[in-house]
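Trainee: Pasting a structure here, questions to come.
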Amino acid sequence: MTGASQDWRAGGFGLYVHWPFCAAKCPYCDFNSHVTAHVDQRRWAAALTSEIARLAAETPDRPLGSIFLGGGTPSLMEPETVDAVIRAAQAGWGFRNDIEISLEANPTSVEKGRFRGFAEAGVNRLSMGIQAMNDSDLRRLGRLHSVAEARAAFDVAREVFGRVSFDLIYARQGQDRAAWRAELRTALDMAVDHLSLYQLTIEPGTAFGSRAAAGTLRDLPDDDLSADMYFDTQEICEAAGMGCYEISNHARAGSESRHNLVYWRQGDWAAVGPGAHGRLTLPQGRMATEAHRMPGAWLAAVEAEGTGESLREFIPHHEQATEYLLMALRLTEGLDEARYAALAGHGFDEAAVGSLIELGMIRRHAGRLHATAEGRPVLNAILRELAA
């Protein structure tokens with residue numbers, strides 16, 4: 001591999017494993033998740049490990065820095081399935097000494113009972129989908145757990161795993177600033193080292209999307225109130241020592257999600273499971289990979305054809321530059337201008353950069369561009385100016 005083909009090393013190398021099954025479909029969720037009564041865990045473990053071996057053979061001599069088991073609801077996997085996946089990854093690539101292995105979990109009592117098994121399999125970081133700190137809002141969000149269950153599961157997670165994150169959604173129906181500020185302070189009192197705090201977005205094709213289109217999704221905060229909640233989030237988290245390192249993610253120093261940084265820093269990641277998207281730098285160039293989306297189609301393809309991939313295409317350097325711009329400016333650390341120029345074949349338009357600096361939307365320091373605190377809420381507008 002030459003020159004630009006080594007660019008991925010600036011972001012690192014990870015593995016994403018998609019488990020597509022859930023106990024119920026949340027009304028706001030547009031992820032590739034499916035509700036089913038029964039999953040043949042042995043069959044799925046065999047297919048996932050087969051895919052890992054296939055991709056590892058294509059990408060030798062690059063030990064993994066992270067594994068992320070996402071979904072869907074990966075905490076519905078049996079610990080034996082998780083163990084098989086992690087063992088296959090270690091056999092295929094080998095691990096860096098400081099590898100981060102994350103698993104997304106819901107805090108129901110059933111899933112909580114698997115936590116110790118996941119840790120024994122090698123998971124060392126748990127990401128919990130708590131989403132709200134009051135029972136009425138949990139019901140509105142279609143969650144199957146209560147606040148009491150979430151707290152109990154969190155206490156177990158804190159005992160079992162060295163690193164624990166959890167997610168909350170804000171700008172929910174009927175929520176005001178005072179309620180969110182109080183809820184966030186409660187969350188920060190619980191937090192170990194990482195919080196993911198997402199503004200509720202209404203996506204087409206979801207139950208919430210259908211209700212919104214019909215005019216029956218009421219009491220959502222308006223744009224001004226949502227913006228106020230965003231700024232409240234930054235202020236309160238910063239004061240608690242959990243500043244944002246990415247637009248929606250907050251961590252104590254050194255506790256950032258290493259796997260997600262692979263995406264935002266434009267590293268390489270192998271991706272297995274239904275609908276999983278990957279990026280792999282191969283001798284012929286950087287490739288985008290995509291797997292069959294429907295679980296049954298993916299499983300059948302792996303078993304019959306030896307691959308679950310539905311797409312593999314070359315990403316030209318100018319598109320790599322655009323991807324890097326879109327992802328890196330989400331990070332507080334910003335974007336390396338020299339790296340961008342090497343990919344794009346040119347630097348940014350200086351007039352556009354100067355205008356954005358003058359407006360206070362970005363700043364330039366030591367060869368990097370950063371979105372400012374004022375710029376991050378309007379990042380899409382900044383990206384349009386810089387990509388023009």
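Trainee: Between H277 and R384, what is the spin-label point distance in nm, taking each point 7 Å from the Cα along the Cα→C-beta axis?
Mentor: That separation, rounded to one decimal, is 2.1 nm.
Trainee: Also: Amide H to amide H under 5 Å from T59: which residues, 5+ apart in sequence or cross-chain, H placed 1.01 Å off N in plane?
Mentor: Amide H to amide H, under 5 Å and 5 or more residues apart or across chains, T59 pairs with nothing.
Trainee: Oh, and also: So what J values fall out for the range 303-310 if you push phi through Karplus, 6.51 cos²θ - 1.76 cosθ + 1.60 with θ = phi - 60°, rounded to Hz, Gly and Pro as x?
Mentor: Each residue of the range 303-310 in turn: 6, 8, 10, x, 7, x, 5, 10 Hz.
Trainee: In the range 211-295, which chymotrypsin sites (Phe, Trp or Tyr not before Pro) fall in coil by DSSP and have 14 or fewer other Cβ atoms within 10 Å? Working shown, then result.
Mentor: Details: sites: Y230, F231, Y245, Y263, W264, W269; in loops: none.
In loop regions of the range 211-295 (DSSP not H, G, I, E or B), there are no sparsely surrounded chymotrypsin sites (Phe, Trp or Tyr not before Pro).
Trainee: Out of all DSSP beta bridges with both ends in the chain, state the antiparallel percent to the nearest 5.
Mentor: 40 percent
Trainee: Measure off, as a whole percent, the carbon and sulfur share of the 1.4 Å-probe accessible area of the range 45-147, all protein chains present.
Mentor: Percent of accessible area from carbon and sulfur atoms in the range 45-147: 46.
Trainee: Counting only protein heavy atoms and using a 1.4 Å probe, what share of the accessible area of the range 318-387 belongs to carbon plus sulfur, as a whole percent? Let's see the in-between values first.
Mentor: Details: 1880 of 3470 Å².
Here carbon and sulfur together make up 54 percent of the probe-accessible area.
Trainee: Output the peptides 252-262, 80-90 sorted from most to least packed, where packing is the average of other Cβ atoms within 10 Å over each peptide's residues.
Mentor: Numbers: 252-262: 18.7, 80-90: 21.3.
Highest-to-lowest ranking by the protection proxy: 80-90, 252-262.
Trainee: Could you compute the FRET efficiency for A182 and E350, with r as their C-beta to C-beta distance and R0 at 45 Å, rounded to 0.05?
Mentor: 0.50
Trainee: Would you mind estimating how fast the range 278-384 diffuses translationally, via Stokes-Einstein at 4 °C and 1.567 mPa s with the Kirkwood radius over Cα pairs, in µm²/s?
Mentor: The diffusion coefficient I find is 81 µm²/s.
Trainee: Under 1.5 on a/c is rounded, so check that first for the range 175-218, then, if it is not, pick prolate when a/b is larger than b/c and oblate when it is not; a ≥ b ≥ c are the square roots of the alpha carbon gyration tensor eigenvalues.
Mentor: It comes out oblate by the Cα gyration axes.
Trainee: OK, next. Debye calculation, C-alpha points only, no solvent: report log10 I(q)/I(0) for the chain at q = 0.06, 0.08, 0.15 Å⁻¹, in the same order as the q values.
Mentor: Debye output, listed in q order: -0.24, -0.43, -1.55.
Trainee: Can you give the calculated 222 nm mean residue ellipticity of the chain, where each DSSP H run of n ≥ 4 adds -39,500 (n - 2.57) and the sum is split over every residue, rounded to the nearest 500 deg cm²/dmol?
Mentor: The per-residue figure over the chain is -12500 deg cm²/dmol.
Trainee: Which ³J(HN,Hα) values, rounded to whole Hz and listed in residue order, are derived for the range 270-276 from phi using the Karplus coefficients 6.51, -1.76 and 1.60 in 6.51 cos²θ - 1.76 cosθ + 1.60 with θ = phi - 60°, glycine and proline given as x?
Mentor: Values per residue, Gly and Pro as x: 7, 9, 10, x, x, x, 5 Hz.
Trainee: Can you work out the accessible area per residue across the range 98-168, with the rest of the protein chains kept in place, probe 1.4 Å, in square angstrom?
Mentor: 37 Å²
Trainee: Let me ask something additional. Starting at the first residue of the range 28-45, write each ³J(HN,Hα) from the Karplus equation 6.51 cos²θ - 1.76 cosθ + 1.60 with θ = phi - 60°, in whole Hz, x for Gly and Pro.
Mentor: Each residue of the range 28-45 in turn: 9, 7, 10, 6, 7, 10, 9, 9, 9, 7, 8, 10, 7, 4, 5, 5, 5, 4 Hz.
Trainee: Using alpha-carbon positions, what is the distance between the centroids of the range 97-115 and the range 202-276, in Å?
Mentor: Centre-to-centre distance over Cα atoms comes out at 20 Å.
Trainee: What shape does the range 130-192 take by its C-alpha gyration tensor, where a ≥ b ≥ c are the square roots of the eigenvalues and a/c under 1.5 counts as rounded, a/b above b/c as prolate, and the rest as oblate?
Mentor: Oblate is the answer for the range 130-192, as a/c is 1.5 or above yet b/c matches or exceeds a/b.
Trainee: Under a 5 Å amide H to amide H cut-off, with H placed in plane at 1.01 Å, what residues pair with G278 once short-range neighbours are removed?
Mentor: T289, E290
Trainee: In square angstrom, rounded to the nearest 10, how much accessible surface does R172 have for a 1.4 Å probe?
Mentor: Surface open to solvent at R172 totals about 10 Å².
Trainee: For the chain, which cysteines have no disulfide-compatible partner, meaning no other cysteine Cβ under 4.7 Å?
Mentor: Here C22, C237, C244 come out as lacking a disulfide-compatible partner, given the Cβ-Cβ threshold of under 4.7 Å.
The values are calculated or read from the model by the stated rules, or taken from the named source; none is laboratory data. What you see is a predicted model; the values in this text were computed from it and never measured. In this analysis, Cβ positions are derived from the backbone assuming ideal geometry, glycine residues included, and neighbour counts consider all displayed protein chains. For the accessible areas, the whole protein counts, side chains as well, though only heavy atoms, and no ligand, DNA or RNA atoms are used. Shrake-Rupley method; radii C 1.70, N 1.55, O 1.52, S 1.80 Å.
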